[in-house]
Amino acid sequence: IWRCNPHLKRFLSILLITIMIISCFSGCASASSGRQVCLDFLSCISEKDYIGAYALLDDSIKLDSDDENLESRGRISEKQFVAKYSNIFAALDIQSVVYENIDIDQGEIFTIANFTGTYSSALAGDLTGEYRMVALKVNGKWCIEWTPGLIFPEMEWGDTVRVASISAQRGEIISDGH
């Protein structure tokens, strides 16, 4: 067949390449497991790919509007999400983000990831916290049930982060009580 029909050979080659490209893109577009979507989310945040991280969120958390009042009700727009991470990390001058001790409990419907996150800040040194992330399988697709607690464990919906310098008052210098 290959020697007799060069058009068939070309057609089959193009078809095979097309199938490989399509399967690659479909594999990259959605995570195949709760474990993978958790790792993908952490990777996106580490690489400052906040739009990529937002794409992994549960649709029930995503918001089309940029109405700031809706964030306090458990929903966030892509613009707000990107601004939240960008502004906090810029204010604290975060140089790197490292996630370690990742322990993932994979289930059929939901997956729980516990991990240690360390932000290296030029202003505050290393900021380390213990995190818990939940991934859900919704309509056959794995997604992250995001909360602001994934930025800092203590954060809740509607919270903001502000950085301020407070000058210390000079203390008294004494020697032998004088």
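Odds and ends about this structure:
- Sites Ser65 and Phe152 - FRET efficiency at Förster radius 30 Å, r taken between beta-carbons, to 0.05: 0.75
- Within straight-line reach of Lys62, meaning a Cα separation under 29 Å, sit the following lysines at least 8 residues removed in sequence or on another chain: Lys48, Lys79, Lys84, Lys137, Lys141.
Read-outs: derived from the displayed coordinates by stated rules, not from any lab. On a predicted model such as this, the values are computed, not experimentally measured, just so you know. Reconstructed Cβ throughout: ideal geometry from the backbone, glycine too, with neighbour counts over all protein chains shown.
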